[in-house]
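**Student:** Take a look at this one; I'll ask things after.
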Amino acid sequence: MSGTVSGRPLAVVTGASSGIGYELAREFAEHNFDLLIAAEDAGIAEAAARLHRDGGPTVDAVRTNLATPEGVEELYRRIAATGRPVDAIAINAGRGAGGDFAHETDLGDELEIIDLNVRSTVHLAKRVVPDMVDRGSGRVLFTSSIASAMPGSFQAVYNGSKSFVQSFAEALRNELKDSGVTVTSLMPGPTDTEFFDRADMRDTKVGAGEKDDPAKVARQGYDALMAGEDHVVAGSFKNKVQAVAAKIMPDTAKAEMHRRMAEPGSAD
């Protein structure tokens with residue numbers, strides 16, 4: 001992509017090898033954005049191949065571990081090497097882990113979740129957003145979650161990380177309200193991705209239950225981003241009801257509700 005003048009805008013999407021991230025990248029491609037996509041797994045090259053169309057937008061893939069500072073810097077180096085402004089970025093990479101914090105979950109795993117979901121989000125935004133502000137234009141999409149609105153019993157670190165992302169997105173949006181740069185938060189509910197397998201949550205009520213189509217979630221996120229909306233609760237009507245209820249329920253009640261959904265063995 002470096003040195004190419006296509007006349008098309010450029011979008012960057014992280015966590016784009018599968019799930020919501022891949023579908024977000026597909027939305028950008030279908031709307032004639034050139035793409036720079038990133039993920040830590042080898043599937044990112046295959047995703048780029050699927051997204052590329054002859055004569056259509058270009059798609060470059062970066063395989064890098066965004067849970068490390070070096071991985072974020074590598075991605076930003078590749079962004080800078082294009083010599084092009086980033087018109088839109090979807091900071092989507094994230095993961096979770098389920099289980100009893102005191103006895104079941106692994107500290108190293110949880111610290112990596114914080115590194116990916118929280119630290120890398122701030123790090124990448126710190127690199128890309130100032131460039132957008134200096135130009136006076138740009139769009140930023142953060143993938144948060146409806147989990148950000150409730151204490152996550154048996155997903156304590158994940159929900160906490162998404163609460164950070166949601167608060168960060170809302171604060172940044174306010175700071176940038178007169179800059180020409182928009183910030184949008186995508187808040188999906190349970191979605192049919194690899195999340196629950198990676199989080200070891202298939203034996204939970206939420207893991208075994210009905211999930212939203214990631215393509216639908218991504219489409220709603222893309223539409224909200226392009227409309228400059230502050231956030232979108234994506235997916236089913238149930239998610240929207242849950243998000244509204246979360247605004248009025250006390251935290252103790254929300255934690256108990258989350259326990260019923262995420263406690264190991266609750267699918268039985």
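**Student:** Two decimals, Cα atoms only, Kirkwood Rh: what is Rg/Rh over the range 23-108?
**Tutor:** 1.07
**Student:** Considering only Cα-Cα distances, which of the following residue pairs are longer than 24 Å: K177/K238; K162/K211; K177/K216; K216/K240; K126/K211?
**Tutor:** K177/K238; K177/K216; K126/K211
**Student:** Give the Rg (one decimal place) followed by the Dmax (whole number) of the range 127-268, computed from C-alpha coordinates and expressed in Å.
**Tutor:** When restricted to the Cα atoms of the range 127-268, Rg and Dmax are 16.1, 54 Å.
**Student:** Looking at the P(r) of the range 57-144, how many percent of alpha-carbon pairs lie beyond 15 Å?
**Tutor:** Distances greater than 15 Å cover 64 percent of the Cα pairs.
**Student:** Taking the Cα centre as origin and putting +1 on Lys and Arg beta-carbons and -1 on Asp and Glu beta-carbons, what dipole magnitude results for the range 139-268, to the nearest 20 debye?
**Tutor:** So the magnitude is around 200 debye.
**Student:** Cβ under 11 Å from A149's Cβ, A149 left aside: what net charge do those residues give with Lys, Arg +1 and Asp, Glu -1?
**Tutor:** +2
**Student:** As I understand it, the dipole of the range 126-235 uses +1 on the Cβ of Lys and Arg and -1 on the Cβ of Asp and Glu, about the Cα centre. Which of A156, G209, P190 lies farthest toward its positive end?
**Tutor:** Highest projection toward the positive end goes to A156.
**Student:** Place a point 7 Å from Cα of S179 in the direction of its Cβ. Which residues in the range 128-143 have their backbone N less than 15 Å from it?
**Tutor:** Label zone hits: 128-142.
**Student:** How many Å² of accessible area per residue for the chain, probe 1.4 Å? Working shown, then result.
**Tutor:** Details: 12040 Å² over 268 residues.
Using a 1.4 Å probe on heavy atoms only, each residue of the chain averages 45 Å².
**Student:** Sticking with this one: Report the relative contact order of the chain, percent, no decimals, based on alpha-carbon pairs under 8 angstrom and at least 6 residues apart. Provide the component values of the computation, followed by the final result.
**Tutor:** Numbers: 547 pairs, mean separation 50.8, N = 268.
It rounds to 19 percent for the chain.
**Student:** Looking at the range 127-230, which trypsin sites (Lys or Arg not before Pro) are DSSP coil and have at most 15 other C-beta atoms within 10 Å of their C-beta?
**Tutor:** Sparse-neighbourhood loop trypsin sites (Lys or Arg not before Pro): K177, R202.
**Student:** Continuing with this model, one more query. Under the rule of -39500 (n - 2.57) per DSSP H run of 4 or more residues, summed and divided by the residues of the chain, what mean residue ellipticity at 222 nm is obtained, to the nearest 500 deg cm²/dmol?
**Tutor:** Result for the chain, helices only: -14000 deg cm²/dmol.
**Student:** Over the range 182-233, how many percent of alpha carbon pairs lie in each 10 Å bin up to the one with the longest distance?
**Tutor:** All Cα pairs considered, the percentages come to 25, 41, 25, 8.
**Student:** Then there is this: In whole Å and largest first, what semi-axes does the C-alpha gyration tensor of the range 91-209 yield when each eigenvalue is scaled by 5 and square-rooted?
**Tutor:** Gyration-tensor ellipsoid for the range 91-209: 30, 14, 11 Å.
**Student:** Counting pairs of alpha carbon atoms under 8 Å apart in space and at least six apart in sequence, what relative contact order in percent does the range 161-224 give?
**Tutor:** With pairs under 8 Å counted, the relative contact order is 28 percent.
**Student:** Here's another thing I want to ask about it. Pick out, in residue order, every one of the trypsin sites (Lys or Arg not before Pro) in the range 1-98 that is DSSP loop and has at most 15 other C-beta atoms within 10 Å; say none if there are none.
**Tutor:** Counting only loop positions with at most 15 other Cβ atoms within 10 Å, the trypsin sites (Lys or Arg not before Pro) in the range 1-98 are R53.
**Student:** Over the chain, what percent of the accessible surface lies on carbon and sulfur atoms, probe 1.4 Å?
**Tutor:** Working: 6140 of 12040 Å².
For the chain, the apolar C and S fraction of the accessible surface comes to 51 percent.
**Student:** So for the range 64-166, averaging the separation of alpha carbon pairs under 8 Å that are six or more residues apart and normalising by length, what relative contact order in percent results?
**Tutor:** Once normalised by length, the contact order is 35 percent.
**Student:** Between beta-carbons, use under 14 Å as the cut-off and find the net charge around G265, counting Lys and Arg +1, Asp and Glu -1.
**Tutor:** -2
**Student:** Grab the other residues whose beta carbon is less than 13 angstrom from that of M226, score K and R as +1, D and E as -1, and report the net. List each step's numbers first, then the result.
**Tutor:** Numbers: positive: R139, R219; negative: E27, E30, D87, D223, E229.
Overall, the nearby charge balance is -3.
**Student:** Any idea what Rg and Dmax come out to for the chain if you just take the C-alpha atoms, in Å?
**Tutor:** Cα-based Rg and Dmax for the chain come out at 18.0, 56 Å.
**Student:** Also: Among S17, S137, S120, which one moves the most in a GNM of the chain with springs linking Cα atoms closer than 10 Å?
**Tutor:** S137
The values are calculated or read from the model by the stated rules, or taken from the named source; none is laboratory data. All values reported here derive from a predicted model rather than from experimental measurement. Note: ideal-geometry Cβ built from the backbone for every residue, glycine included; neighbour counts use all protein chains shown. Remember, those area values only see protein heavy atoms, side chains included, never the ligands or the DNA or RNA. Shrake-Rupley method; radii C 1.70, N 1.55, O 1.52, S 1.80 Å.
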